[in-house]
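What follows is a single structure, written as structure tokens, with notes after it.
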Amino acid sequence: MEAYKIKIIETAVVVVVFIITKLVTKGIIKKVGIRFNYQSGRIKITNKIVDVLLLVIVTVLLMLIWGVEQSELLLFLSSVLTILGVAFFAQWSIISNITSTLIIFFNHPSNS
């Protein structure tokens, strides 16, 4: 029973850190967007991309906390990445557009 208490505490810590990180990154993205006069659509898309990345990281951490074997986790992740790779093979521009959106958002000169 003691092991579950530790896992519950670790899970709570990960969730709290996730929420705080999500709020901080939203604030940073909003400040950058306002500073460089970006459209609200660009800010929303960037927030969604960052949210998905944070969610993936938290999911992996929670799987490790709750005892998913690393070999099983790696097998699952490699399977998912393989499927995504095949799915995006014909649509490779989608991945480059997501990456370039993040780069342009933070490095694009202001409109003023």
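Side notes on the structure shown:
- When region 28-67 is filtered for residues that are farther than 17 Å from ALA12 by Cβ, among the hydroxyl-bearing types (Ser, Thr, Tyr) and without any contact (Cβ under 8 Å) to a residue 24 or more places away in the chain, only SER40 remains.
- Among the helices (runs of 4 or more DSSP H) confined to region 1-89, the ones with at least 1 residues that are open to solvent by less than 60 Å² (accessible area, probe 1.4 Å) and of a type in the set (Lys, Arg) are located at 2-35.
- ASN97 vs. criteria open to solvent by less than 100 Å² (accessible area, probe 1.4 Å) and out of contact with any helix residue (DSSP H, G or I) (no Cβ under 9 Å at 6 or more places or on another chain): yes
The values are calculated or read from the model by the stated rules, or taken from the named source; none is laboratory data. Remember, it's a predicted structure, so these values are computed and weren't measured experimentally. All Cβ positions, glycine included, derive from the backbone under ideal geometry; neighbour counts span all protein chains shown. Side chains are part of the model used for accessible areas, which takes the heavy atoms of the whole protein and leaves out ligands, DNA and RNA. Shrake-Rupley method; radii C 1.70, N 1.55, O 1.52, S 1.80 Å.
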